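What follows is a single structure, written as structure tokens, with notes after it.
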Amino acid sequence: MLKQRILTALLLLAVLLPALWAPVAWPFMVFALVAMSLAGWEWARLNGWPGAGAVALGALVLALFGASLSGLFNLPSLAWQAVLALWVLGGSL
């Protein structure tokens, strides 16, 4: 199990580091988009959601995060802070 985790970490670093050092922002944005959607899917699975529900949440996170990266959600800073607070509170339930 440890070997699998180490290989996963090395693979993620091999993708993350070039995205961080890219002269443009879009490689890191794509990496973050994929990571966030997978995190939504994994969070749903950890909370016992059925397979279709977990995939749906991952797709919803993908759509919402993709829309925010594209500039579709042009919200003021206070709104983003409220979203962050809801996310932190929701994670503690």
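The values are calculated or read from the model by the stated rules, or taken from the named source; none is laboratory data. Remember, predicted model here, so these are calculated numbers, not experimental data. A quick note on method: Cβ atoms are made from the backbone with ideal geometry, for glycine too, and the neighbour counts reach across all protein chains shown. Surface accessibility is based on the protein's heavy atoms, side chains included, excluding ligands, DNA and RNA. Shrake-Rupley method; radii C 1.70, N 1.55, O 1.52, S 1.80 Å.
Annotations
- The value obtained for the chain, namely the Cα convex hull volume divided by the number of residues, is 125 Å³ per residue.
- In Å², nearest 10: area of residue 45 left accessible to a 1.4 Å probe: 120
- The modelled label-to-label distance for the pair residue 1/residue 45, using points 7 Å beyond Cα in the direction of Cβ, is 1.5 nm.
- Highest GNM mean-square fluctuation among 78, 20, 11, for the chain modelled with Cα contacts below 10 Å: 78.
- Average accessible surface for the chain: 78 Å² per residue, computed with a 1.4 Å probe over protein heavy atoms with every protein chain in place.
- Protein accessible area in the chain, 1.4 Å probe - carbon and sulfur %: 78
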